[in-house]
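Okay, so here's the structure we're looking at.
The values are calculated or read from the model by the stated rules, or taken from the named source; none is laboratory data. Here the structure is a predicted model, which is why all the values come from computation and not from measurement. Here Cβ is always computed from backbone atoms with ideal geometry, including for glycine, and neighbour counts include all displayed protein chains.
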Amino acid sequence: MELGITVGGALLVQRFRTQGVAPSRTTAALQLSPSLGISRDISERGYLFLLGSASTYLLRREDSTTSRASFGPSFAVQVAIGAGFRL
């Protein structure tokens, strides 16, 4: 059984030119994701795993019509199932 936490950040800068459809803007996000995983050996080198996490993002958004910035949360649940091979 594995328990972990992911902390990260991202910055998206859009500076492309259009005919007034999409003005330049900057978006920032902070991520906090606790995760829980289970792995099971199926051979000497092979294993199966199941991983789940609940991500919380705090986003800074800009309104393209008023150019006002606001902060708001966003939530995402992720589940991964897979197999691995140890070298």
query = Regarding residue 54, is this residue surrounded by 12 or more Cβ atoms within 10 Å (Cβ to Cβ), under 24 Å from the mean Cα position of the chain (by Cα), modelled with pLDDT of 85 or more and in a strand (DSSP E or B)?
reply = yes
query = With 69, 22 as the choices, which residue is at pLDDT below 80, surrounded by 10 or more Cβ atoms within 10 Å (Cβ to Cβ) and over 22 Å from the mean Cα position of the chain (by Cα)?
reply = 22
ask   = Going by the structure shown, is residue 63 at pLDDT 90 or above, of a type in the set (Asp, Glu) and surrounded by 10 or more Cβ atoms within 10 Å (Cβ to Cβ)?
value = no
Every pair of residues 6+ apart whose Cβ atoms lie under 6 Å, when the first sits in the stretch 1-14 and is in a strand (DSSP E or B) while the second is of a type in the set (Val, Ile, Thr) = 12/27; 13/26
